[in-house]
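The values are calculated or read from the model by the stated rules, or taken from the named source; none is laboratory data. Keep in mind the model is a prediction, meaning the values are calculated, not measured. Cβ coordinates were reconstructed from backbone atoms using ideal geometry, including for glycine residues, and neighbour counts include every protein chain displayed. With ligands, DNA and RNA removed, areas are computed over all heavy atoms of the protein, side chains included. Shrake-Rupley method; radii C 1.70, N 1.55, O 1.52, S 1.80 Å.
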Amino acid sequence: MDNYGKSALAAPIQMAPDFRGNESSLVSALKTLLFFTILMVTLPIGLYFASKAYIFEGFLQMSNTDSYFYAAIVAVLAVHVVLALFVYVAWNEGSPQKRKEGKHD
């Protein structure tokens, strides 16, 4: 048992990876996240009230309860569009760098 304890103490210590070179990519990711967070809050709410007042009640002359229902559908669709755009942007973030690294082979 003494040999096991000595070999464990003699093992090299691994240092944490250095992420200082990725500060610009971190700032870019945070800006993207902030942009889509603001878009996720404002776009569905804005579209809900705008479509209810101007499209469904104003232009189409729908009743108050019907316009609530259809405006909610517009807001849900807006949420799905924003989420899809966020996934697309997040998926492709940093891709050109990886493509350039892959061409060195």
| task | Can you work out which of the residues in the range 57-94 that are polar (S, T, N, Q) and part of a helix (DSSP H, G or I) is least open to solvent (accessible area, probe 1.4 Å)? | result | S67
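Taking A53, is it surrounded by 12 or more Cβ atoms within 10 Å (Cβ to Cβ) and under 24 Å from the mean Cα position of the chain (by Cα)? Before you say what the answer is, go through the steps one by one.
On the way: surrounded by 12 or more Cβ atoms within 10 Å (Cβ to Cβ): yes; under 24 Å from the mean Cα position of the chain (by Cα): no.
No, not satisfied.
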| task | Could you figure out which of (1) aliphatic (A, V, I, L, M); (2) at pLDDT 90 or above; (3) in a loop (DSSP other than H, G, I, E, B) isn't true of L47? | result | (3)
